[in-house]
Amino acid sequence: MTSATKESGRDGNGSDQKGGSFDEAATGRVEERLFTSDFVFATLANFVNAFGVQMLAATVPVYVISLGGNQTDAGLVTGTMAFTALLFRLSWAI
């Protein structure tokens, strides 16, 4: 290696010897972040939806019994709701 390549920090192939990446502005790449506003809002919406479904599943048996149903009716309604949710979730995966 010549003294000119040592001073410039480049070898004969034109690549950087320091092991670092090229300047981001020169390559046009921007650092990607995980916690963008879209990611945070989508995660928050998913949490609120799941929380609402869990609250519904916990109160449906009480509601069925308050309407005059017995524990068997409450169990059937809750089981039907869970089975229906499973079928619809599987249909989204297809």
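The values are calculated or read from the model by the stated rules, or taken from the named source; none is laboratory data. This structure is a prediction, so every number in the text was calculated from the model and none was measured. All Cβ positions, glycine included, derive from the backbone under ideal geometry; neighbour counts span all protein chains shown. Only protein heavy atoms, including side chains, enter the accessible area calculation; ligands, DNA and RNA are left aside. Shrake-Rupley method; radii C 1.70, N 1.55, O 1.52, S 1.80 Å.
Taking Asp73, is it open to solvent by less than 90 Å² (accessible area, probe 1.4 Å) and charged (D, E, K, R)?
Yes: the conditions hold for Asp73.
Pairs needed: first member in region 51-69, closer than 17 Å to Phe83 by Cα; second member anywhere, not β-branched (Val, Ile, Thr); C-beta distance under 7 Å; at least 6 residues apart or different chains.
Short answer, once both residue conditions are applied: Ala57/Met81; Val60/Met81; Pro61/Ala74.
So, in region 25-69, how many residues would count as being open to solvent by 80 Å² or more (accessible area, probe 1.4 Å) and not hydrophobic (A, V, I, L, M, F, W, C)?
Count: 10.
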